Amino acid sequence: MTSSSKFIFVTGGVTSSLGKGIISASLAKLLQARGYSVTIQKFDPYINVDPGTLNPYEHGECYVTNDGAETDLDLGHYERFLNIPTSQANNVTTGRIYSDVIQKERRGDYLGKTVQVIPHITNEIKRRILILGSSGKYDFVITEIGGTIGDIESQPYVEAVRQLRWELEKHESLVIHLTLVPFLRTSGELKTKPTQHSVKELLSMGVQPNILVCRSEYPLSPEVRQKIALFCNIKLEAVIESLDAESIYDVPLHMLSEKLDEVVLNRMKMPLGEKPEMKNWTNFLHRLKNPTQEVDIALIGKYVELKDSYLSIAESFVHAGAANGCKVNLKWVHSEELNEHNVDFLLDYVQGILIAPGFGERGIEGKIEAAKYARVNDIPFFGICLGMQCAVIEFGRNVLKLPNANSTEFDEDAENKVIDIMENQKKIIDMGGTMRLGAYDCTIKEDSNALRAYRQHDIQERHRHRFEFNSSYKSVYREYGMTSVGINPDSGLVEIIEIPEHTWYVGVQFHPEYRSTVTNPHPLFVDFVKSALAKRNN
Ligand code: GLN
């Protein structure tokens, strides 16, 4: 078999959370900076068809692509590093693989054969890897296998990789294995045994890795590198050190100095070309690490114990902070702990308030209290999805004095359903993949903060919601000072609200955080941070 793309598989050993996503994205960045086209794909070995139905405590944030796929948060890293959009094809779970195979079986596609993990499940896995390669768009397809080698769940994926490696020509694929080299304080040494064992485990499944990326707290001495190379059948230059980094955005440069990209290209018989063009990246890092100002922004959410739940928002602030030459200190505030008695105390010192997206009633009253505090005290305010809906509810209750203004999501019998279920959501019973998902158009009106930020009338942003601003309240809201400044041209749905009297009070029904990248910090985040800075300097 030959393919126009080269395939790089990334596996992980010893422990989870070593950062396969960041290593994959960093390698992709370096290859991209050498002029190659790259895409990254992640396989998640769980039975959910996608992470859309998962509680953020289980799995962190659910990232949404332009084509409306609810995906793993690693896809956010891929987009932030590479500045190119991903799609449904870039994230596949075991649940999706099985559901496709079972559908085919029900259709009779297998012609009476017994359907088995090998070859039917592994064939489906291989098909989904090769499909990206056969698109002709990419020089490299990097496939990250979720989980840790040795897990029962990821075995079919490793088996599919083993088969593919035999089917492809020698230089068309390689395996990078990410491991941990722990430091044993009592003996004062770095230990290589866990890495040796995890490579043995991979070998027992028929896969010899070509490159080892070794996460470590301390530099690997030449002896340690030699030992790893010797015991794991790896060329010395392919033992790559990955020290703990100050920022995830440092990792591509660490990998560059370890020559990960060169080792990959040499092994795949691809020309090295020019030294990677990383000027914009290093400029960004310079601004990130040398801020001249600081600003405190409160992030109000109900999953704040697990920072990964709001990963894209936090990263958007990293990008927007660097763009403003300022450090954004995010103050994570639990919405359930906020109330009218302590709001003053909890939010007194911040120069900006962001209310995060979310689902369900828990913590809603705290979010509404925070929206009020921002409005009354003229503190720059940014409401995202549920955050925008809370701002609308607050305005309805306290400015329009509408009795019991609420969202149908929290009170189906509310007298004033200022946020209501979207018409086409009413009949939906299944929860998975049925929200209004993905990119939709929005037209922005003159003389708004949104237009000043975007500098264009027609934009596209990604969505993930079932409820919307109830259009029958639009004109009375406008009369009282909250205007709809962004509208979907096809459905008329309200996408952006603002309070023109306020310094910067913007609520968006969409998720701008999914589109912020190192190269293109999101204009709304940049403008929000700018107005918070202005507030601080006043
Ligand atoms: N729960 C709200 C809705 O479904 C908001 C969703 C969100 O914040 N992503 O409309």
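Considering only residues in the range 455-477 that are in contact (Cβ under 8 Å) with a residue 40 or more places away in the chain and part of a loop (DSSP other than H, G, I, E, B), the one that is farthest from Gly68 (Cα to Cα) turns out to be Arg455. Taking the criterion of being within 16 Å of the ligand (Cβ to nearest atom) and among the hydroxyl-bearing types (Ser, Thr, Tyr), the only residue of the range 460-472 that qualifies is Ser471. Which of the residues belonging to the range 500-521 are within 24 Å of Arg466 (Cα to Cα), touching a Ser or Thr at 6+ places or on another chain (Cβ under 8 Å) and not acidic (Asp, Glu)? Once the filter is applied, which keeps residues that are within 24 Å of Arg466 (Cα to Cα), touching a Ser or Thr at 6+ places or on another chain (Cβ under 8 Å) and not acidic (Asp, Glu), the range 500-521 yields His511, Pro512, Tyr514, Ser516.
Checked against (1) farther than 30 Å from Val343 by Cβ; (2) of a type in the set (Asp, Glu); (3) near the ligand (Cβ under 10 Å from one of its atoms), Glu409 passes all but condition (1).
Quick one: count up the residues across the range 174-192 that are farther than 13 Å from Thr11 by Cα and out of contact with any Phe, Trp or Tyr (no Cβ under 9 Å at 6 or more places or on another chain).
So the count comes out to 6.
Scanning the range 414-430 for residues that are in a loop (DSSP other than H, G, I, E, B) and away from the ligand (no atom under 14 Å from the Cβ) turns up Ala414, Glu415, Lys427, Ile429, Asp430. Which one is farthest from Tyr514 (Cα to Cα) among residues in the range 431-459 that are under 18 Å from the mean Cα position of the chain (by Cα) and either away from the ligand (no atom under 14 Å from the Cβ) or surrounded by 15 or more Cβ atoms within 10 Å (Cβ to Cβ) (or both)? So the residue we want is Leu437. When the range 348-357 is filtered for residues that are in a loop (DSSP other than H, G, I, E, B) and more than 10 Å from the ligand (Cβ to nearest atom), the ones remaining, listed by number, are Asp348, Tyr349, Val350, Gln351.
Within the range 17-56, track down each residue that is in a loop (DSSP other than H, G, I, E, B) and farther than 24 Å from Lys126 by Cα.
Of everything in the range 17-56, those that are in a loop (DSSP other than H, G, I, E, B) and farther than 24 Å from Lys126 by Cα turn out to be Ser17, Leu18, Arg34, Gly35, Leu54, Asn55.
Scanning the range 366-378 for residues that are in contact with a Ser or Thr (Cβ under 8 Å, 6 or more places away or on another chain) and buried (at least 24 other Cβ atoms within 10 Å of the Cβ) yields a count of 3.
Got a sec? Which of Glu201, Glu159, Glu124 is within 27 Å of the chain's Cα centre (by Cα), within 28 Å of Ala28 (Cα to Cα) and surrounded by 13 or more Cβ atoms within 10 Å (Cβ to Cβ)?
Just a single option satisfies the conditions, and that option is Glu124.
Note on the range 342-356: residues that are surrounded by fewer than 24 Cβ atoms within 10 Å (Cβ to Cβ) and either under 16 Å from Phe467 (Cβ atoms) or of a type outside the set (A, V, I, L, M) (or both) total 6.
The criterion of being touching a residue at least 60 places away in the same chain (Cβ under 8 Å) and either more than 18 Å from Lys535 (Cα to Cα) or more than 16 Å from the ligand (Cβ to nearest atom) (or both) does not hold for Ser335. Only one of the listed residues (Asp344, Asp378) is touching a residue at least 12 places away in the same chain (Cβ under 8 Å), over 29 Å from the mean Cα position of the chain (by Cα), on the phi > 0 side of the Ramachandran plot and away from the ligand (no atom under 15 Å from the Cβ). That residue is Asp378. Figure legend. Inter-residue proximity from the range 396-418: first residues in contact (Cβ under 8 Å) with a residue 60 or more places away in the chain, second residues within 16 Å of the ligand (Cβ to nearest atom) and in a loop (DSSP other than H, G, I, E, B), beta-carbon distance below 8 Å, spacing 6+ or different chains. Indicated pairs: Ser407/Ala414. Considering only the range 17-47, how many residues are of a type in the set (S, T, N, Q), in contact (Cβ under 8 Å) with a residue 60 or more places away in the chain and within 20 Å of Glu153 (Cα to Cα)? So the answer is 1.
Scanning the range 480-538 for residues that are of a type in the set (Asp, Glu), outside any strand (DSSP E or B), under 17 Å from Ile444 (Cβ atoms) and in contact with a strand residue (DSSP E or B) (Cβ under 8 Å, 6 or more places away or on another chain) yields a single hit, Asp490. Considering the range 385-404, the residues that are of a type in the set (A, V, I, L, M, F, W, C) and within 16 Å of the ligand (Cβ to nearest atom) include one that is surrounded by the fewest Cβ atoms within 10 Å (Cβ to Cβ), namely Cys385.
Just one of the numbered conditions (1) within 18 Å of the chain's Cα centre (by Cα); (2) at pLDDT 95 or above; (3) among the basic types (Lys, Arg) is not true of Lys367: (1).
What do you reckon, is Gly360 under 29 Å from the mean Cα position of the chain (by Cα), within 16 Å of the ligand (Cβ to nearest atom) and surrounded by fewer than 16 Cβ atoms within 10 Å (Cβ to Cβ)? Please lay out each step first, then the result.
Details: under 29 Å from the mean Cα position of the chain (by Cα): yes; within 16 Å of the ligand (Cβ to nearest atom): yes; surrounded by fewer than 16 Cβ atoms within 10 Å (Cβ to Cβ): yes.
Yes.
Criterion first (charged (D, E, K, R), at pLDDT 95 or above and part of a helix (DSSP H, G or I)) does Arg215 satisfy it? No. Answer with yes or no whether Ser475 is touching a Ser or Thr at 6+ places or on another chain (Cβ under 6 Å) and on the phi < 0 side of the Ramachandran plot. No, not satisfied.
Among residues that are within 16 Å of the ligand (Cβ to nearest atom), at pLDDT 95 or above and among the aliphatic types (A, V, I, L, M), Ile487 is not included.
The values are calculated or read from the model by the stated rules, or taken from the named source; none is laboratory data. The structure displayed is predicted, hence computed values, not measured ones. When we count neighbours, we look across all protein chains shown, and the Cβ atoms used for this are built from the backbone with ideal geometry, even at glycine.
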